[in-house]
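To start, the structure under review is shown below, and the notes come after it.
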Ligand code: SF4
Ligand code: SF4
């Protein structure tokens, strides 16, 4: 998948997870632990009382109920327009469990979004996902859909949302990923549906597939009915690639040209896109080198995975304060949900943001 597919996803669980609706869970915890959790979560919420717009404050509360984790960058494909570096770091299962447990102690958590690289390459991944779902957490996994066997190891597939990267219709997908990849990816989606997973699709849009999106969606509907939702990711602009310290590979441009601002704007007005027009794409994002960012496209860490979660959360919140503090001089910012990397803004300009919202 693409780094930009490390999208902050709108949390749309098909099953509403709630720890306290879990019979097993009720009997696993002791009252003292509940009290400790309650105290710590309330303590965290005190920090929310700084002056953020109410809609942003509410959105932040929900955004922090999801964790984004990218435990590796390695991948088994070599897509022509992939723009991520592929360092060899890999986070261990033990370190991920520790991070999730420490996060849960101070922050209400409902779901975990896993992305890479290709996360299904990690042999521990089924066991980690099963551990998460056993606790009632909803799991979203972004994958290139090449590892069908991976699906057999999931013990609670109804708590897993499989988000598959498809680059449009078969000729477009295979042109980027290699001959035969489209058929394999569709087979993955079909198997995931049979297993009872929720399905979603991410599609990166370049000049190659821009004019074929309606036909692509029609094909998907014929195959899967209305059960597959597509989020579009305009190919990362040159401005993004020039400013992101790690995700900065231009890749092939011939035949896969970048969208113009006007085309990106039309796409944002007609479809669900990432980043969304009113932003709000922040969340805790743990990357494979152990650094934690304030969003999945972040360029300045708020800490490392062993740091105090509360302190990192305060830094994230401070970034939002900075965004709105600058809103007087940049009115385009005012009615957004905010960005935690105001100097970067995913390579977008403020005036473009304003156009997208119209
Ligand atoms: S090579 Fe392809 S599948 Fe792998 S991370 Fe890059 S875009 Fe995603
Ligand atoms: S840099 Fe800003 S716009 Fe981009 S994902 Fe992060 S918060 Fe969203």
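Would you list 297, 341 from fewest to most Cβ contacts within 10 Å? Kindly include the intermediate steps, with their values, before the conclusion.
Working: 297 27, 341 20.
So the ranking, lowest neighbour count to highest, is 341, 297.
Cβ-Cβ distance of residue 219 and residue 195, R₀ of 25 Å, FRET efficiency by 1/(1 + (r/R0)^6): the value works out to about 0.70. Computed over Cα pairs, the Kirkwood radius of the stretch 3-357 leads via Stokes-Einstein (0.890 mPa s, 25 °C) to a diffusion coefficient of 117 µm² per second.
So for the stretch 160-236, what percent of the C-alpha to C-alpha distances run longer than 17 Å? Above the 17 Å cut-off, the stretch 160-236 has 40 percent of its Cα pairs. Here the sum of -39500 (n - 2.57) over DSSP H runs of 4 or more residues, divided by the residues of the chain, equals -11000 deg cm²/dmol at 222 nm, to the nearest 500.
To make sure I understand, if each residue's beta carbon is the centre and we count other beta carbons within 10 Å, what order do 131, 323 fall in, fewest to most? Write down the numbers at each step before the final one.
Values: 131 17, 323 23.
Least crowded to most crowded, the residues run 131, 323.
Sequence-distant contacts, meaning Cα pairs under 8 Å at least 6 residues apart, place the relative contact order of the chain at 20 percent. With both labels modelled 7 Å from their Cα along Cα-to-Cβ, the residue 318 to residue 229 distance reads 3.4 nm.
Stretched out straight at 0.36 nm per residue, the stretch from residue 212 to residue 327 would grow longer than its current Cα-Cα span by 37.6 nm. Sorting 282, 103 from the fewest to the most surrounding beta carbons within 10 angstrom yields 103, 282.
How large is the convex hull of the C-alpha atoms of the stretch 244-355 per residue, in Å³? Intermediate results must be reported in sequence, preceding the final value.
On the way: hull volume 12.6 nm³, N = 112.
Looking at the stretch 244-355, the number lands at 112 Å³ per residue.
Considering only DSSP beta bridges whose two residues both sit in the stretch 3-357, what percent are antiparallel, to the nearest 5? In the stretch 3-357, approximately 20 percent of DSSP beta bridges are antiparallel ones.
None of the figures in this text is laboratory data; all of them are computed from the coordinates on show. Model, not experiment: these values are computed from the prediction. Glycine gets a Cβ as well: all are built from the backbone with ideal geometry, and neighbour counts include every protein chain shown.
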